[in-house]
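Participant: One structure coming up, written as structure tokens, with questions to follow.
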Amino acid sequence: MKRPTPVNAESPFGFDEFFFSTTDKRGVIRYGNDVFVRVSAYPKEAMVGAPHSLIRHPDMPRAVFKEFWEFLKADKPVGAYVKNLAGDGHYYWVYAFAFPIQDGYLSVRFKPSSETFGVVQNLYSDVLHYESQDHSLEESHAYLLEKIAELGFADYESFMVKAVLEELKSRATHLQNSEMKYEVKEAEQIAEVTKATTHKLEEVFEKLRGFQGNSQNLEEAIQSLDEGFQQLKFISLNMKIAAAKFGDLAASLGVVSHEFSVLSGTIEKHLGGLAGFVDDLAGVVKKCVLRVAALNVQMLMVDFFVRESIAKLGSSDNAFEEMLQNQKAFSDLFGQYSKNLQSEFSELQAGIAVIESAMQEIAKFVTGLEVVRQIGAIESSRTAEIKSIFANYLSSMDSFILLLRKCTGEIKRGVESLSSNSDFIVTSIRGISGNVDKIFDQAASMESREAS
């Protein structure tokens, strides 16, 4: 098929519209919904069986598609801003979210409008210019990731998470004053299911933001404690040296120093596992934010797709045929993402329980430190000289115990918050896991009545 010549004109579509298509593992189009067909300006029969690259615009850097396909081939969802080329030469921008399914890929696209979209257009122009200078695909891909890092992101996945959240928020803002009209009661009922589901997902987003805040607070508390432990090691060593100078007169203070060091080391060991937990938490949260965003997009697409089918009831004898053909793909995908999210948070809850138990043990050791410090104060009062020399050491012990109390208190509150929020998330996701099937079932019952 001859490719059209690009023209500087946009193929329009609305913020309320969604593109939906499925492909095989090679990217060959199996299905495209009415919006995809209309905006792409190709007859449906010409699109089905053609590679998805049919609509690739020359303004798109090759490096973006390399990153896109690396995610999909690793069986991971991926999102990206894409400029497409319609059959009449017009262009149209979408935020594309693609998901691996059993025998291929399912892609959902909608209109981008956030501030990040503007940043990305400049980024793509820069990468495209780099590619025009005869760099290899691998070099261009590395350049793309380098530029994303310069924007402050650890990797493409972090950038992708921020982008999809911003685009969903921006889309909602554009649509907040629009009023949807429903010709039939069933369509209104479907809208209510979608509204309830997306509202619950927004609540989950808020809890996940809380997780990110907790994670940062835990990180800061651990860092403060780590610095405190390092200082304490020097205090304990100097205290032992000072005690040795006084011989038997201050021998008990050497024991105090040793006991304080042992207890502190035990606490440090217990807290060591927390650092790994915080790292794992950050990874789980990032993954779950992406899953929740994916569930949101999938639910909105199902809602639009069903309403698209309902709108054809009066003019088509098989208005729901395409909808029912694609029901399994959406149903399986939504169900799997819901299940994975519940599983990940259940594992996280198990980790939180371990940390809660460790914090209870640490509380006992902190009490032990305070007792040892009090013994040190008593023993150092034997002579004015010993008291004068050991006053600074005891003061440093006091400071360390206060820091330990403060940080472990913050950690305890953070972990309790994580536990509460994770319970909410698991319950919420469990409650919406069947909502896609509910929408399709309502539409199917509607078709049955129309047929009779």
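Participant: Considering only lysines 8 or more places apart in sequence, or on different chains, count the pairs in the stretch 1-151 whose C-alpha atoms sit under 26 Å apart.
Facilitator: Pairs that pass both the separation and distance tests number 24.
Participant: Now a separate question. State to the nearest 20 debye the size of the charge dipole of the chain about its Cα centre, where the only charges are +1 on K and R beta carbons and -1 on D and E beta carbons.
Facilitator: 440
Participant: By per-residue mean of other Cβ atoms within 10 Å, what is the highest-first order of 29-39, 403-413?
Facilitator: Those peptides, ordered most packed to least, come out 29-39, 403-413.
Participant: Enter the accessible area per residue of the chain (Å², integer; probe 1.4 Å; all protein chains in place).
Facilitator: 48
Participant: With log10 I(q)/I(0) by the Debye sum over Cα atoms at q = 0.05, 0.07, 0.10, 0.14 Å⁻¹ defined as stated, name the option among (1) -0.29, -0.51, -0.81, -1.26; (2) -0.20, -0.39, -0.80, -1.36; (3) -0.16, -0.33, -0.69, -1.38 computed from the structure displayed.
Facilitator: Recomputing log10 I(q)/I(0) by the Debye sum over Cα atoms at q = 0.05, 0.07, 0.10, 0.14 Å⁻¹ here gives the entry labelled (1).
Participant: Efficiency by 1/(1 + (r/R0)^6): what FRET value for A350 and D155, r their Cβ-Cβ distance, R0 = 22 Å, to the nearest 0.05?
Facilitator: 0.25
Participant: Before anything else, pin down the relative contact order of the chain: Cα pairs under 8 Å, at least 6 apart, normalised by residue count, whole percent.
Facilitator: It rounds to 16 percent for the chain.
Participant: Taking the Cα centre of the chain as the origin and placing charges on Cβ (Lys, Arg +1; Asp, Glu -1), which of Q327, A63, L402 is farthest toward the positive end of the dipole?
Facilitator: Of the candidates, L402 comes out farthest on the positive side.
Participant: Can you tell me the dipole magnitude for the stretch 99-202 around its Cα centre, using point charges on the Cβ only (Lys, Arg +1; Asp, Glu -1), in Debye to the nearest 20?
Facilitator: Using Cβ point charges on Lys, Arg, Asp and Glu, the stretch 99-202 gives about 600 debye.
Participant: What residues have an amide H closer than 5 Å to that of I101, excluding those fewer than 5 places away on the same chain, when H is modeled at 1.01 Å from N in the peptide plane?
Facilitator: L106
Participant: Taking the Cβ-Cβ separation of Q374 and T266 as r and a Förster radius of 25 Å, what is the calculated FRET efficiency to the nearest 0.05?
Facilitator: 0.85
Participant: Given Cβ point charges of +1 (Lys, Arg) and -1 (Asp, Glu) and nothing else, what value in debye, to the nearest 20, does the dipole of the stretch 1-106 about its Cα centre take?
Facilitator: The dipole of the stretch 1-106 has a size of about 420 debye.
Participant: Ranked highest first by average number of other Cβ atoms within 10 Å, how do 72-84, 239-251 line up?
Facilitator: 72-84, 239-251
Participant: Still on this structure, I have one more. Could you point to the residue in V94, A242, A282 farthest towards the positive end of the chain's charge dipole, with +1 and -1 charges on the Cβ of Lys/Arg and Asp/Glu respectively?
Facilitator: Farthest along the dipole direction, towards plus: A242.
Participant: Then there's this: Return one number: the angle in degrees, 0 to 90 and rounded to the nearest 10, between the long axis of the Cα atoms of helix 185-245 and the longest principal axis of the Cα atoms of the chain.
Facilitator: Orientation of helix 185-245: about 20 degrees from the principal axis.
Participant: Dividing the convex hull volume of the alpha carbon atoms of the stretch 208-281 by its residue count, what do you get in Å³ per residue?
Facilitator: 65
Participant: S420 versus D16, label points 7 Å from Cα toward the beta carbon: distance in nm?
Facilitator: The two pseudo-label positions are separated by 4.0 nm.
Participant: Which residue, P43, S53, A74, has the largest displacement toward the positive end of the dipole of the stretch 28-94 when charges sit on each Cβ (Lys, Arg +1; Asp, Glu -1)?
Facilitator: A74
Participant: Another question, if that's okay. Return the carbon/sulfur percentage of the accessible area of the chain, one whole number, probe 1.4 Å, all protein chains in place.
Facilitator: 51
Participant: For a protection proxy built on the mean count of beta-carbon atoms within 10 angstrom, sort 414-422, 220-228 highest first, please.
Facilitator: Ranked by mean Cβ neighbours within 10 Å, highest first: 414-422, 220-228.
The values are calculated or read from the model by the stated rules, or taken from the named source; none is laboratory data. Values in this document were obtained by computation on a predicted structure and should not be read as measured data. FYI the Cβ positions are ideal-geometry reconstructions off the backbone, even for glycines, and counts take in every protein chain you see. In case anyone asks, the SASA skips ligands and DNA or RNA and just uses the protein heavy atoms, side chains included. Shrake-Rupley method; radii C 1.70, N 1.55, O 1.52, S 1.80 Å.
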